[in-house]
Structure formats: structure tokens, C-alpha cells
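K.L.:
Can you read through this structure? Questions will come right after.
The values are calculated or read from the model by the stated rules, or taken from the named source; none is laboratory data. Model, not experiment: these values are computed from the prediction. The area values use the complete protein model at the heavy-atom level, side chains included, leaving out ligands, DNA and RNA. Shrake-Rupley method; radii C 1.70, N 1.55, O 1.52, S 1.80 Å.
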Amino acid sequence: MTPGEPGRPAGQGERRAELAANLAEVRDRIAAACAAAGRDPAEVSLIAVTKTFPASDVRLLAGLGLTDVGENRDQEARPKAAECADLPLTWHFVGRLQTNKARAVASYADVVHSVDRSRLVAALSDAASRAGRTLRCLVQVSLDEAEHRGGASPAEVPALADAVAAAAGLELGGLMAVAPLGADPAPAFERLAAVSADLRRNHPDARSVSAGMSGDLEQAIACGATHVRIGTALLGGRRAIVR
């Protein structure tokens, strides 16, 4: 269908072409990074982080075969997930999460990447149980505590992981981290890989490692990332914040 035809608003054809080109480029980067690391590209899931972009972009990406969508603000994520409820998508909540938002997020998210404290574990467990859902949770690890970007210290991870694994309505998936700003991400991702290896000794099924964004996906994949969270490289520069 070309732009302006019935069923597709004018401009959507151009946007689809832009997203298709970006998606192909990101997938090529993932494939090259996997080849360099001796890994199978099928081991790495691409999460499109669509914050500040409209639900129409989510629909276009779904039409291009992308099934994992990430959001970091409940105010934006909830209506977007509702608008796209007819699509076969997995919704990832990747931002810092307040306990008072746990019930809302548990109503639509399939995976929460930012579990970093015991109070949040309890809130998500209660919310998931009330909703009759099972929520997959990743423990967020702080790789640079000075930045205050969220996350538990590596020393806190074992107890937090145990709490998630024991909580009703929750499933321990693995770990998530963000590389420190302004530094080589490789050493940080190497530390994350070590924390992940320690975690799997007691929780062998917690194999997910969510790490790597538009600027550092190659280093993350080299260190074992199983999920990369891509925004700018896929969707373009951020638009005005949706409120």
C-alpha cells in the first residue's frame, strides 16, 4: 500500500520505510556483533524502546516483524499498550519504577527490567497476584553507584534475586544494567557478566541479561547480553516528552 491509499494515512508509508531501513541496520549490527563474539544472533532479542514515539510507530514496527517493545514511563506506556492490545507484542517496562505504580505496570507489562529493591518486589508480587498474571522480573544492577541511575549493588543482587524467585506472581528472568555515562562500557558489561554467572549458580534459569543500547550494543553482546534496548538507532532522535 502506498502513502495516501485507503487504510494508511499520508506519511505513514515514508515512516514505515524509515523504520524498515533503521531496523535492517540495527539487525546488521547485532549480527556482526554476534559473529565477532562467536554467538548466534538468535540468542539476542531486540527491544524497541518507543518512549516519546506514538503507537502508530509501534504498529509499523510490529508489521516489520518486531515483537518486543520497551517503555520507561507508565503515563505513556499504559495508554500505548492499550491502543496496541490487538497486536502480539511483549511489553517491557525498562524505567525506574515507583512502588505506587506497580499495580498499573503489572496490568500490561510482561517483563519488568528495573527491579532494584525489596519493597518493589513485594509491590509487584501483590499487583501481579491481584491481576492473575505472572510477571517476569529482571534485577537491575548498578554498575556505577555514583551516578544514581537506579539498580542494586552487585552485593545486594543474590538476596534480591531470591526474593523475586520466591514471590507469588513473579518469575526471575535475570539481570539488567545500564553502562556508566562517559566511560568505556566494556568493563562495566564484563562486571555484569560476572554477576550473571554468579546468579545462575543458584538460579540456573535466570539467563536473561538486558544490556546495551544504541551506542554500545556491540560491547554488550560481546559480554553476553541476551536483550538489547534500542531507541534512537531504531526510531530516530527523541521527540518531546509525552505527558
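K.L.:
Of the heavy-atom accessible surface of the chain (probe 1.4 angstrom), what whole percent is carbon and sulfur?
P.N.:
Numbers: 5610 of 10990 Å².
Roughly 51 percent, rounded to a whole number.
K.L.:
Quote the Stokes-Einstein diffusion coefficient, in whole µm² s⁻¹, for the range 130-198, based on the Kirkwood radius over alpha carbon pairs, a temperature of 20 °C and a viscosity of 1.002 mPa s. The partial results should precede the final answer.
P.N.:
Working: Rh = 12.9 Å.
For the chosen part, D equals 167 µm²/s.
K.L.:
Also, I was wondering about something else. Once every DSSP H run of n ≥ 4 in the chain is given -39500 (n - 2.57) and the sum is divided by its residues, what mean residue ellipticity at 222 nm do you get, rounded to the nearest 500 deg cm²/dmol?
P.N.:
Numbers: 9 runs with 102 residues, N = 243.
Calculated at 222 nm, the ellipticity per residue is -13000 deg cm²/dmol.
K.L.:
Just the number please: accessible area per residue for the range 1-140, 1.4 Å probe, all protein chains included, in Å². Mind dumping the intermediate values first?
P.N.:
Values: 6280 Å² over 140 residues.
Computed with neighbouring chains in place, this is 45 Å² per residue.
K.L.:
If I take the Cα coordinates of the range 84-174 and project them onto the principal axes, what are the three extents in Å, biggest first?
P.N.:
41, 26, 23
K.L.:
Right, next: 5 Å is the cut-off here: which amide hydrogens, built 1.01 Å from N in the peptide plane, fall below it relative to D116, excluding neighbours closer than 5 in sequence?
P.N.:
Long-range HN contacts for D116: Q140.
K.L.:
Further question on the same structure: In whole Hz, what ³J(HN,Hα) sequence does the range 150-158 give by Karplus (6.51, -1.76, 1.60; θ = phi - 60°), x for Gly and Pro?
P.N.:
Here the 3J(HN,Hα) series is x, x, 8, 5, x, 5, 7, 4, x Hz.
K.L.:
Which of these, A81, A155, A20, has the largest mean-square fluctuation under a Gaussian network model of the chain (Cα springs below 10 Å)?
P.N.:
Greatest mean-square fluctuation among the candidates belongs to A155.
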